[in-house]
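Written out below as structure tokens is the structure these notes cover.
The values are calculated or read from the model by the stated rules, or taken from the named source; none is laboratory data. Owing to the predicted nature of the structure, the values given are computational and were not obtained by experimental measurement. Neighbour counts are summed over all protein chains in view; Cβ atoms, including those assigned to glycine, are modelled from backbone coordinates with ideal geometry. The accessibility values were calculated without ligands, DNA or RNA, using every heavy atom of the protein model including side chains. Shrake-Rupley method; radii C 1.70, N 1.55, O 1.52, S 1.80 Å.
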Amino acid sequence: MDFDRQSGLFLHVASLPGPDGIGTLGDPAKTFVDFLADSGQSLWQFCPLGPTIPIHDNSPYQSYSAFAGNPLFIDLDELVERGWLEDLDRPDFDDGTVEYGPVREYKEARLEDAFETFKTDASDDDRADFEAFTDDAGDWLDEYALYRALRTHFDGVSWLDWPEGAKMRDPEVLEEYREELSETIEYRKFLQWLFDEQWSELKAYANERGVDLVGDMPIYVDLDSADVWANPEIFKLDEQREPKYVSGVPPDEFSDDGQMWGTPVYDWAALAERDYGWWVSRFERLLQRVDIFRIDHFKGFESYWEIPADADTAREGEWVDGPHEDIFYAVRDELGELPIVVEDLGEITDEMDRIREDLGYPGMNVAAFTDWCDGDSRYHPSSYDENSVAYTSTHDTDTVAGWYADLDEQQKDCLHYAVDYEGGDVHWDILDTIWGSDSVITLAQVQDPLGYGSDARFNVPGTEEDNWAWRVSEDALSADVAERLYEITESSGRLTD
């Protein structure tokens, strides 16, 4: 699919400003859409939207479901307007950081109150809308709601530690639990309905203002998820549903032992026998929410690093052949041509490049990885080809100001030459250079036009504390910043109709 020459900003929903201690899908999100439109940006990119797992540092890349939405993003003010909540009596949350524990405790209590009111006071139209949503959602909603209800029933332990009947999905046992836990199951479906209603309204608001939404699809799903529990046949699990192998990457310049991600790997042969039906459903679900897909870890579709689950380090893994382009052909056959860009970083091979080029998907260029003294290097702005997406920085790198501060003097001198730096705010010169490149799409973390340093970094890969929590202040998204970004976008030919 051909893309227009355009640009945008990355900001995860959790990082939006607002009074609930975490970003929401209500006025905070719409205010950011207005900022994007005012600054000439036509794209808003964010991390995956699923319900995050507290023990994994609330990473959006480790979720209870690849299909569900995160209830923490539900806007409570909208529920007050509907009469399902009264005075919110908000705690004094930190404006600059998501304190996930207190936020979760506060919001879950309010959402439970809203559900109780809905059950007794909802209008006929609201009840009909809720029933239509549950009827249309398909199997994923039933499986997810049951999974979350069972997880609560069993005191929050992993499904691998549930009683045998529930763990192994004995049909009679599950039917008994569906009756016993019907109220909790209904509550989980109610939350997904609220999320979908608010998200649909936000998407319409953004699209009306010329802003498209860029979603993120991780290749892997968490072991402790409804996805694995409900679909064990498409993963490499043993007879007790424990993973035989886990995902990761081999040793490289950043890690002597490589990385063990711990997520189960797919049984691609089993998926192929099923015409990749689970993946088709996953794409279809994301297509309901976003205008453009970013496929994370595209390398894993060509070949993936498979590590024995009992290994001590990722060194014990090996490369295993993936499905190549077959999976994308299967998705295309069912859903048509999709607007896909891919994260083709890391272990780059000729075969991976061939697959991406055959499919026509733009790959990624990241200025943070540039050797500024080598104009021919893959990530130097002068080398970007049109069929690519260029980033000043990403959620997994430092901010522009942060990585610039860490450059040695030779690299800084080369960068100054490349961006025509004459003093002042170098982050604007870098952004201007990336926007002026040949890449059809350019994106920056919102921290970059704001000139924020490493203290505003969103995530440090390989660490499990103090990530995913940074928030932008409402005052930072000023008219002055929007005006300067608009000027750069206009001069680089990235304004869209």
Report for the chain the percent antiparallel among DSSP-assigned beta bridges with both residues inside it, nearest 5.
40 percent
I'd like the Karplus ³J(HN,Hα) series for the stretch 463-471: coefficients 6.51, -1.76, 1.60, θ = phi - 60°, whole numbers in Hz, and an x wherever there's a Gly or Pro.
10, 10, 9, 6, 9, 6, 10, 5, 10
Within the accessible area of the stretch 170-240, what % is carbon and sulfur when the probe is 1.4 Å and the other protein chains stay in place?
42 percent
If ligands, DNA and RNA are left out, what is the accessible area of Y106 with a 1.4 Å probe, given in Å² to the nearest 10?
10 Å²
What residues qualify as long-range amide H neighbours of N58, i.e. H under 5 Å apart, gap of 5 or more or another chain, H built at 1.01 Å from N?
I53
Do any cysteines in the chain lack another Cys Cβ under 4.7 Å, and if so which?
C47
What helices in the chain pass both tests, a Cα length along the helix axis of 24 Å or more and a mean Kyte hydropathy of -1.0 or higher, using whole DSSP H runs?
182-208
So, by mean Cβ neighbours within 10 angstrom, what's the order for 394-403, 61-70 with the highest one leading?
61-70, 394-403
If you plug each phi of the stretch 83-95 into the Karplus form 6.51 cos²θ - 1.76 cosθ + 1.60 with θ = phi - 60°, what whole-Hz ³J(HN,Hα) values come out, in order, with x for Gly and Pro?
x, 9, 9, 9, 4, 7, 6, 5, x, 8, 6, 5, 6
Once neighbouring chains are kept in place and the probe is 1.4 Å, which whole percent of the accessible area of the stretch 72-147 is contributed by carbon and sulfur?
38 percent
Could you report the chain's accessible area per residue, 1.4 Å probe, as an integer in Å²?
42 Å²
With charges set only on the Cβ (+1 for Lys and Arg, -1 for Asp and Glu), what does the dipole of the stretch 380-459 come to about its Cα centre, in debye to the nearest 20?
220 debye
Grab the chain and count how many Lys pairs have their alpha-carbon atoms under 28 Å apart, sequence gap of 8 or more, or different chains.
15
